[in-house]
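Chemist: Sharing a structure below in structure tokens format, with a few things to ask.
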Amino acid sequence: MIHRNVHFPFFCLILILLINSSCDNKDKFITNHNKIISKGDTFFENGIYDSAYFYYNKAQLNCKENNSEKIFYPLLQISNIQMITGDFSGSESTSTEALSLVSKETDKSYITFIYNILGLTYLEQKNYNEAITNYYKSLELAEDQKSKLIILNNIGYTYLEEKKYSKTISVLEPLLKNKEVENDTINYAKILDNLGYAYHKTNNNQSLDFLLKSLSLRIHFKSDFEKIASYIHLAEYYQKEDINAAKNYALKAYEMAGKTNNPDDKIEALQFLTKLSDGIEAKEYAIETFKLNDSIQTARQQAKNQFAKIKYDSKQALEELEKQKQLKEFSVIGIILLFGIGTFAYYRIKKRNRKKIKETAYQTETRIAKKLHDELANDVHNTIAFAETQDLVNQKNKDTLLENLETIYNRTRNISNENKDIDTGELYLEKLKAMLATYNSSDRNVIVNVDAFNHLKTSEEVKVVVHRVLQELMVNMKKHSQCSLASISIKSNKKSLQINYSDNGIGTDNLLNLKNGLQNAENRILSINGTINFDTAPEKGFKVKIEIPK
């Protein structure tokens, strides 16, 4: 079957249109897409159709992912490869898929080509009515004169294959009056050949002139593919009139089909040679025809299987990429959620800590007010009353007054020391040890070990809390423990700061009351996310373990 009179010139025209078309995609996608298409085109031009199919398939899958109008070119190239390799139903399926993607924004040149190639697939499957229908749809959309002439030639050729020679003539004859036809040598030769063959079938005397003129043009522009059709038609023309001339043209068609590696045309030439030969020669041509036909069917089936595998593997790869994409999206969502939860938790803890700090400050203020009212104010009031009612000339009364004033001074100094600003600079440890040393007395010894405390790498907030908490522990010890020995150690590592306090005092069996008395200390530790644990029992002293994370 000679189908070289259609398809390729039209394809080349549309190819130019498609390559020059553009779509509004991102530069990165377009660059990558063009590289893939370029590789596919290179393999296609060299007849390496399996590799070309691979790259066109890759390109159309990328387009699906990016929702691009550029999907039409690779899809139609795939359809074209399927057509060339004899997978006509596959070509129809691919073209139909392309048609399903058409939208209002789709370039008309794409749609024109889709209908044209659908017409070709139906023609090869002998479904002439569908072929004609799709050709006319393509013709209706064609915008330039050259495309219209090509489609009309395809329509005429379809009627020729359907043996409706009068219709072929009615479609093709008017084309010869078009000035553009003569300027397009390739298509002019096609029309002359198809029309000449139709004339031959209708016994029109112009037949041979048209066929020979077409061959002359094809020899001139050196189109080996096109010459095969002319040789076959001329072989058929001379079949009854001059068997030697017919056989000569059939041999030329056979040789040219071998040169162009065109198995379908080679079989058609062999069939003519079988008809035109006798005896052993005819038998040899027939056997070669059968062998070639078997090899073609095998090759086409292998091509179908190979293309199916490429398509399947590509689909699997795309699905895997989609899974990875979804996994990535879920991961991002998960990270966002975790970040959100973490941020919420952070601000919640921060808010809670602020509340604790406020509570601690309030309790500290309350405690200071209580001391000022219950202790210092009473002492001041009593001293004033003593000074007003006693004879201060009396040395004994004078000494008592001085003792009372000393007591007031000491109470005032103690309250001031407990609540004054804390130096968190380089002298922090010295002042901390000095504060702790003030709780030594003739009957009580306070041992301090802070050599493992790297205060220079500790935040100011933590240093202030440590100072205040130890101060409150000392005050509690002085008031309640009745101990003779107290021990304080502070050490820090990469993860946390650890404080241990212990004394050999009387202890208590009521830990709740003890904790209430040290509520300020506990609140301060919790405000910086630390932990504080109390351990005591009657006559077993009192222990405190504090850990503050860095």
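The values are calculated or read from the model by the stated rules, or taken from the named source; none is laboratory data. Here the structure is a predicted model, which is why all the values come from computation and not from measurement. A quick note on method: Cβ atoms are made from the backbone with ideal geometry, for glycine too, and the neighbour counts reach across all protein chains shown. Protein only, heavy atoms only, side chains kept; ligands, DNA and RNA dropped before computing areas. Shrake-Rupley method; radii C 1.70, N 1.55, O 1.52, S 1.80 Å.
Chemist: Leaving ligands and nucleic acids out of the surface, order ASP535, ASP423, ASP184 by accessible area at 1.4 Å, largest first.
Modeler: Listed by decreasing accessible area, they come as ASP535, ASP423, ASP184.
Chemist: What does the accessible area per residue of region 472-545 come to in Å², with a 1.4 Å probe and no ligands, DNA or RNA counted?
Modeler: 52 Å²
Chemist: How would MET474, MET435 rank on accessible area, largest to smallest, probe 1.4 Å?
Modeler: MET435, MET474
Chemist: Tell me the carbon and sulfur percent of the accessible area for region 125-192, rounded to whole percent, probe radius 1.4 Å. Provide the component values of the computation, followed by the final result.
Modeler: Details: 1530 of 3290 Å².
About 46 percent, which is the carbon plus sulfur part of the accessible surface.
Chemist: Now for a separate question. At a Förster radius of 41 Å, what calculated FRET efficiency corresponds to the Cβ-Cβ distance of LYS495 and THR106, to the nearest 0.05? Please report the intermediate quantities before stating the final value.
Modeler: Numbers: r = 64 Å, r/R0 = 1.57.
So, using R0 = 41 Å, E works out to roughly 0.05.
Chemist: What does the convex hull of the alpha-carbon atoms of region 43-174 project to on average, in nm²?
Modeler: One quarter of the hull surface, i.e. the mean projection, equals 8.4 nm².
Chemist: Please report the carbon-and-sulfur percent of the accessible area for region 196-283; probe 1.4 Å, protein heavy atoms only, DNA, RNA and ligands left out.
Modeler: Solvent-exposed carbon and sulfur of region 196-283 make up 46 percent of the total.
Chemist: Taking the solvent-accessible surface of protein heavy atoms with a 1.4 Å probe, what is the per residue accessible area of region 184-228 in Å²?
Modeler: Result: 43 Å² per residue.
Chemist: Mind giving me the FRET efficiency for GLU426 and GLN482? R0 is 56 Å, r the Cβ-Cβ distance, nearest 0.05 is fine.
Modeler: 0.95
Chemist: Same structure, new question: Within the set LYS227/LYS259; LYS28/LYS108; LYS190/LYS291; LYS491/LYS543; LYS247/LYS291, which residue pairs have Cα atoms separated by over 23 Å?
Modeler: LYS28/LYS108; LYS190/LYS291
Chemist: Quick check: residue separation of LYS126 and LYS146 times 0.36 nm, minus the Cα distance between them. What number comes out in nm?
Modeler: Working: separation 20, 0.36 × 20 = 7.20 nm, distance 2.63 nm.
Result for the pair: 4.6 nm of gain on full extension.
Chemist: Further, regarding this structure: With all protein chains present, calculate the accessible area of TYR55 using a 1.4 Å probe and round the result to the nearest 10 Å².
Modeler: Roughly 50 Å² of TYR55 is accessible to a 1.4 Å probe.
Chemist: Taking the simple approach of a point 7 Å from Cα along Cα-to-Cβ for both ALA437 and GLU461, what is their distance in nm?
Modeler: Label at ALA437, label at GLU461, 3.2 nm between them.
Chemist: Could I ask something else about it? Quick one: length gained pulling SER166 to GLU182 fully straight, 0.36 nm per residue minus the C-alpha distance? All intermediate terms of the calculation are to be shown ahead of the outcome.
Modeler: Values: separation 16, 0.36 × 16 = 5.76 nm, distance 2.27 nm.
Here the segment from SER166 to GLU182 would lengthen by 3.5 nm.
Chemist: Testing the spin-label approximation: label points 7 Å from Cα along Cα→Cβ at LYS259 and GLU173. State their distance in nm.
Modeler: Label at LYS259, label at GLU173, 3.5 nm between them.
Chemist: Continuing with the same structure: 7 Å from Cα along Cα→Cβ at both ASP50 and ASP209: what's the point-to-point distance in nm?
Modeler: 5.2 nm
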